[in-house]
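Undergrad: Handing you this structure, nothing more for now.
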Ligand code: SF4
């Protein structure tokens, strides 16, 4: 530092101190709280943990952002041709719980966000009843583009259809990469299609719901799709039973 700069800082400091004195201040410095070695070690570990988590979240967010860019320009199957928006997924990259549906519908295609129509609003209520929010879990679909009965008209209502097994197989690697980045402790598949898309099982959703399965080393529990609950509200109690199991698992690690 040049001598002139040093004197300038000194002059400014002196002026500040004089001003403090004029305001009646008698103390300008407090010694830091002294901590014993155990407290210091705990604090150090906590800071390290926070730093590691923050770094992991930043890296995961960036990895998801890059993957989303790939999905937005993907044309690997015919669904990409007529979509209005690819629907990548929303939520936290640092969550233990991931909900997976089959594919976007009309509303999702228009907005580029999963589960925002009537069924999506019901899913949001279920998530909130679990004491969570859409921001603290992760929500995605197996296929990222809108499967339509009449693909020539994305503006047509009642034009949704479930994705075919082939479409799910082509698109599923994006979901696999999302799972690899987020590393949830448990996946909840919503409905028969997404369950079949991940487990390739032959059981009906009423037989398999609530059972604990595994996908790529991650626990997986199938439950009814929220759209099924809108059609048949008597199924709600089964979904709630499943969600209670999930909450217990997230709290205790036991299922
Ligand atoms: S559905 Fe999946 S694989 Fe097909 S175009 Fe969309 S992002 Fe690509």
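Nothing in this text is a laboratory measurement; each read-out follows from the coordinates by a stated rule. Fair warning: this is a prediction, and the values are worked out from it, not measured in the lab. All Cβ positions, glycine included, derive from the backbone under ideal geometry; neighbour counts span all protein chains shown.
Undergrad: So what's the angle, to the nearest 10 degrees on a 0 to 90 scale, between helix 236-252 and the longest Cα principal axis of the chain?
TA: So the inclination is approximately 40 degrees.
Undergrad: Compute the acute angle (0 to 90°) between the alpha-carbon long axis of helix 3-22 and the principal axis of greatest extent of the alpha-carbon atoms of the chain; round to the nearest 10°.
TA: 90 degrees
Undergrad: Now, a different point. GNM on the chain, C-alpha springs below 10 Å: top fluctuator among 36, 94, 61?
TA: In this elastic network of the chain, the residue with the biggest mean-square fluctuation among 36, 94, 61 is 36.
Undergrad: Moving on. Relative to the longest principal axis of the C-alpha atoms of the chain, give the angle of the C-alpha long axis of helix 118-129, reported between 0 and 90° and rounded to the nearest 10°.
TA: 50 degrees
Undergrad: Next up: Considering the convex hull of the alpha carbon atoms of the range 113-182, report its projected area averaged over all viewing directions, in nm², one decimal.
TA: If I average the Cα hull's projected area over directions, I get 5.6 nm².
Undergrad: Comparing 163, 233, 37, which has the greatest mean-square fluctuation in the GNM of the chain with Cα pairs linked when under 10 Å apart?
TA: 37
Undergrad: Just for the chain, what percent of DSSP beta bridges are antiparallel, to the closest 5?
TA: 30 percent
Undergrad: Would you compute, for the Cα atoms of the range 136-255, the largest minus smallest coordinate along each principal axis and list the three values in descending order, in whole Å?
TA: 49, 36, 31
Undergrad: Also: Under a point spin-label approximation (7 Å from Cα along Cα-to-Cβ), what is the residue 216-residue 69 distance to one decimal in nm?
TA: 2.1 nm
Undergrad: Determine the gain in length on full extension of the stretch residue 11-residue 165; use 0.36 nm per residue of separation and subtract their C-alpha separation, reporting nm with one decimal.
TA: Result: 47.9 nm gained on full extension.
Undergrad: Counting helices only, and only those DSSP H runs with n ≥ 4, report the 222 nm mean residue ellipticity of the chain as the sum of -39,500 (n - 2.57) divided by its residues, in deg cm²/dmol to the nearest 500.
TA: The helix contribution divided over the chain gives -16500 deg cm²/dmol.
Undergrad: Could you list the residues of the range 120-154 with an amide nitrogen less than 16 Å from a label point located 7 Å from the Cα of residue 56 in the Cα-to-C-beta direction?
TA: Residues 137-138 qualify, since their backbone N sits under 16 Å from the label point.
Undergrad: Using a Gaussian network for the chain with springs between C-alpha atoms less than 10 Å apart, which of these wobbles most: 244, 236, 14?
TA: Greatest mean-square fluctuation among the candidates belongs to 14.
Undergrad: I would also like to ask the following. Please state the equivalent ellipsoid semi-axes for the range 81-144: what are the square roots of 5 times the Cα gyration tensor eigenvalues, largest first, in whole Å?
TA: Result for the range 81-144: semi-axes of 21, 13, 8 Å.
Undergrad: Related question: Take the alpha carbon atoms of the range 209-255, find their center, do the same for the range 160-189, and report the distance between the two centers in whole angstrom.
TA: 17 Å
Undergrad: Beta carbons within 10 angstrom, averaged per residue: use that to sort the peptides 40-51, 68-79, 194-205, highest first.
TA: Descending mean neighbour count gives 194-205, 68-79, 40-51.
Undergrad: Specify, per residue and in Å³, the volume enclosed by the convex hull of the alpha carbon atoms belonging to the range 40-183.
TA: Cα-based convex hull of the range 40-183, divided per residue, equals 101 Å³.
Undergrad: Give me Rg/Rg_expected for the chain, where Rg uses Cα atoms only and Rg_expected = 2.2 N^0.38 Å with N residues.
TA: On the way: Rg = 26.0 Å, N = 255, 2.2 N^0.38 = 18.1 Å.
Here the answer is 1.44, to two decimals.
Undergrad: If you don't mind, there's one more thing I want to ask. Counting pairs of alpha carbon atoms under 8 Å apart in space and at least six apart in sequence, what relative contact order in percent does the range 52-252 give? Don't jump to the answer; show the numbers that get you there.
TA: Values: 332 pairs, mean separation 44.5, N = 201.
Computed value for the range 52-252: 22 percent relative contact order.
Undergrad: Same structure, new question: I want to check the label-to-label distance for residue 149 and residue 34. Put each point 7 Å from Cα in the C-beta direction and report it in nm to one decimal.
TA: With each label placed 7 Å out from Cα toward Cβ, I get 7.9 nm.
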